[in-house]
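Novice: Quick one: this structure, given as structure tokens, is what I'll be asking you about.
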Amino acid sequence: MSDIAQIFDPLGLLGPCIILGKILLQSLWSLKLDWDESLPATIDNQWRQLRQELPVLNILKIPRFVSNTSIVKLELHGFADASLQAYGACLYIRSLSSSGEIQVRLLTAKSRVSPLKSLTIPRLELCGALLLAQLVDRVKNSMTFTFDDIFLWCDSTVSLAWIRTSPSTLQVFVQNRVAQIQRLIQPNQWHHVRTADNPADFLSRGILPSALLDCTVWWNGLQWLSQPKDQWPYSAATFEGELPEAKDLSDTPRYLITISQKDDFAKEIQTLERSHALPRHSKLLSLNPFLDDEGILRVGGRLSQSNFSFDVKHPILLSSKHHLTKLLFRHEHLRLFHAGQQQLLYSIRQRYWPLAGRNLAKQTVHSCIKCYRCKPLQPSPIMGNLPKARVTPAPPFYNTGIDYPGPVYLSSKKGRGA
């Protein structure tokens, strides 16, 4: 931690190296290690390699002058990128001199580690776009000159579609960030760039100091930026319609489950919403049901102290008579490549608890045409001949078997009492 804090980099020019240390620190934080515990082997090796190369940065020389002497046109180009580990943004000044010379120089950069809370890649890309918009706004307010054009580049088509969409139609997380981006930057200033042509990729993944010294793309930008504008490979990346967010699609099953529960357990849900006890005749009484934060009816149980996932500890209650439950069983049966009754029921109960689920699993397997066709016939084996003692006619008690519980003592002496 002290080694990373010693690096003085107010402009973020060494961001690709520093972000490696930040990612390692976050990994240690997520492991919840004590101060006196030894590091895992993988993290220890990565840190030793990074620390060994940090002194290489002492020989790094960065020119302070980022423009030409006789400027005809001045442009600001920004790039944003994100990964599951970090996201970042970098700015380049592209100047055109009176002699036609084009020069591109790195101006500043900013990077952050991704939050510990799991986010999708499009949402992280949107966070990177917001960081880029804030960085551009700060540079514009701190510079004494103005830029003729501003170009912002991103390799996420989903994020670009969100930026061009009205914030009121988006989810809260996306809505807040899109509103901030649109307040700082005009949507028509955003453009699409290929992932391979995005220098901000160094900020989202990090590179070692030895590789940063000779990284021309990082210090001088992409090669096509030094060419005339008509030779740039960018596209406006226009989109038709509104792209659904991943959360919208993942919420669809929960919405259908809520509807099915209201059809079959309406009285129980109303009773639990009023914080009343279920009646004795309720078929859910033995399951100790409760409503979660989303209003979904779940099994109570006694596994709250276990380390299983929430869905396993408290599966969602379903009625086997509802059509949605039958569709879930059929889908799981096909997903498991026509699994049998026991495997199908086990897989379903990892998240759901269908009433009379064993019967429904049996019906699902028996109603499957492919399973019926592939089910082998069970031939009846031909029995062997019965022993002679069992088929020979004899009077009652002719053959008698006796079962004694203890040993039988025999006397070998002759005479009376033998």
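Novice: Which condition does Leu84 not pass, out of (1) more than 26 Å from Asp3 (Cβ to Cβ); (2) modelled with pLDDT of 85 or more, if it passes all the others?
Specialist: So the condition that Leu84 fails would be (1).
Novice: Among the candidates Leu291, Leu278, Leu287, which residue alone is in the same structural domain as Tyr352 (by TED's automatic domain parsing), under 21 Å from Gln350 (Cα atoms) and in contact with a helix residue (DSSP H, G or I) (Cβ under 9 Å, 6 or more places away or on another chain)?
Specialist: Leu291
Novice: Just to verify a result, which residue in segment 87-117, among those that are farther than 16 Å from Val136 by Cβ and hydrophobic (A, V, I, L, M, F, W, C), is modelled with the lowest pLDDT?
Specialist: Only one residue tops the list, namely Leu116.
Novice: Going by the structure shown, is His333 surrounded by 12 or more Cβ atoms within 10 Å (Cβ to Cβ), assigned to a loop (DSSP other than H, G, I, E, B) and in the same structural domain as Gln363 (by TED's automatic domain parsing)?
Specialist: Judged against the criteria, His333 is not a match.
Novice: Cβ contacts < 6 Å: first residue assigned by TED's automatic domain parsing to the domain that holds Ser114 and modelled with pLDDT of 75 or more, restricted to segment 30-44; second residue part of a loop (DSSP other than H, G, I, E, B) and surrounded by 12 or more Cβ atoms within 10 Å (Cβ to Cβ), any location; separation 6+ or different chain. Result?
Specialist: Listed by first residue and then by second, the contacts come to nothing, as the list is empty.
Residue-by-condition table, conditions (1) within 17 Å of Arg94 (Cα to Cα); (2) modelled with pLDDT of 90 or more; (3) surrounded by fewer than 18 Cβ atoms within 10 Å (Cβ to Cβ):
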| site | (1), (2), (3) |
| --- | --- |
| Ala196 | no, no, yes |
| Leu203 | no, yes, no |
| Ala211 | no, no, yes |
| Lys229 | yes, no, yes |
| Arg254 | no, no, yes |
| Ser260 | no, yes, no |
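Novice: Checking Ser347 against (1) surrounded by 13 or more Cβ atoms within 10 Å (Cβ to Cβ); (2) in a loop (DSSP other than H, G, I, E, B), which single condition isn't satisfied?
Specialist: For Ser347, the failing item is (2).
Novice: Taking the condition among the basic types (Lys, Arg), at pLDDT 90 or above and either in contact with a Phe, Trp or Tyr (Cβ under 8 Å, 6 or more places away or on another chain) or in the same structural domain as Cys154 (by TED's automatic domain parsing) (or both), does Arg183 pass?
Specialist: Considered against the rule, which asks whether it is among the basic types (Lys, Arg), at pLDDT 90 or above and either in contact with a Phe, Trp or Tyr (Cβ under 8 Å, 6 or more places away or on another chain) or in the same structural domain as Cys154 (by TED's automatic domain parsing) (or both), Arg183 comes out as yes.
Novice: A follow-up question, please. Of these, Lys370, Lys326, Lys313, Lys321, which one is among the basic types (Lys, Arg) and either over 23 Å from Thr258 (Cα atoms) or at pLDDT below 85 (or both)?
Specialist: Just a single option satisfies the conditions, and that option is Lys370.
Novice: From the list Ile4, Ile23, pick out the single residue that is surrounded by 15 or more Cβ atoms within 10 Å (Cβ to Cβ) and either at pLDDT below 85 or aromatic (Phe, Trp, Tyr) (or both).
Specialist: So the residue among Ile4, Ile23 that is surrounded by 15 or more Cβ atoms within 10 Å (Cβ to Cβ) and either at pLDDT below 85 or aromatic (Phe, Trp, Tyr) (or both) is Ile4.
Novice: Name the single residue that is farthest from Arg335 (Cα to Cα) among those in segment 353-393 being outside any loop (DSSP other than H, G, I, E, B) and touching a Ser or Thr at 6+ places or on another chain (Cβ under 8 Å).
Specialist: Leu355
Novice: I'm told Ser319 meets every condition in (1) over 24 Å from Ser309 (Cα atoms); (2) touching a strand residue (DSSP E or B) at 6+ places or on another chain (Cβ under 9 Å) except one. Can you identify the failing condition by its number?
Specialist: Among (1) over 24 Å from Ser309 (Cα atoms); (2) touching a strand residue (DSSP E or B) at 6+ places or on another chain (Cβ under 9 Å), Ser319 violates only (1).
Novice: Might you let me know whether segment 143-156 holds any residue that is among the aromatic types (Phe, Trp, Tyr), buried (at least 19 other Cβ atoms within 10 Å of the Cβ) and under 29 Å from Leu74 (Cβ atoms)?
Specialist: Yes, segment 143-156 contains at least one residue that is among the aromatic types (Phe, Trp, Tyr), buried (at least 19 other Cβ atoms within 10 Å of the Cβ) and under 29 Å from Leu74 (Cβ atoms).
Novice: Look at segment 167-184 and say how many of its residues are of a type in the set (Ser, Thr, Tyr) and in contact with an Asp or Glu (Cβ under 9 Å, 6 or more places away or on another chain).
Specialist: Of the residues in that region, 1 qualify.
Novice: Another question, if that's okay. Counting residues that are of a type outside the set (Asp, Glu) and touching a strand residue (DSSP E or B) at 6+ places or on another chain (Cβ under 9 Å), which helices (runs of 4 or more DSSP H) fully inside segment 94-205 reach at least 3?
Specialist: Per the criteria, 121-142, 157-163, 201-205.
Novice: So Pro279 passes all but one of these: (1) exposed (fewer than 12 other Cβ atoms within 10 Å of the Cβ); (2) closer than 23 Å to Ala356 by Cα; (3) within 24 Å of the chain's Cα centre (by Cα); (4) not aliphatic (A, V, I, L, M). Which condition number does it fail?
Specialist: Of (1) exposed (fewer than 12 other Cβ atoms within 10 Å of the Cβ); (2) closer than 23 Å to Ala356 by Cα; (3) within 24 Å of the chain's Cα centre (by Cα); (4) not aliphatic (A, V, I, L, M), only one is false for Pro279: (3).
Novice: Quick one: would you say Phe65 is in contact with a Leu (Cβ under 9 Å, 6 or more places away or on another chain) and outside any helix (DSSP H, G or I)?
Specialist: Spelling it out, it is not the case that Phe65 is in contact with a Leu (Cβ under 9 Å, 6 or more places away or on another chain) and outside any helix (DSSP H, G or I).
The values are calculated or read from the model by the stated rules, or taken from the named source; none is laboratory data. What you see is a predicted model; the values in this text were computed from it and never measured. All Cβ positions, even for glycine, are placed from backbone atoms using ideal geometry, and neighbour counts span all protein chains on display.
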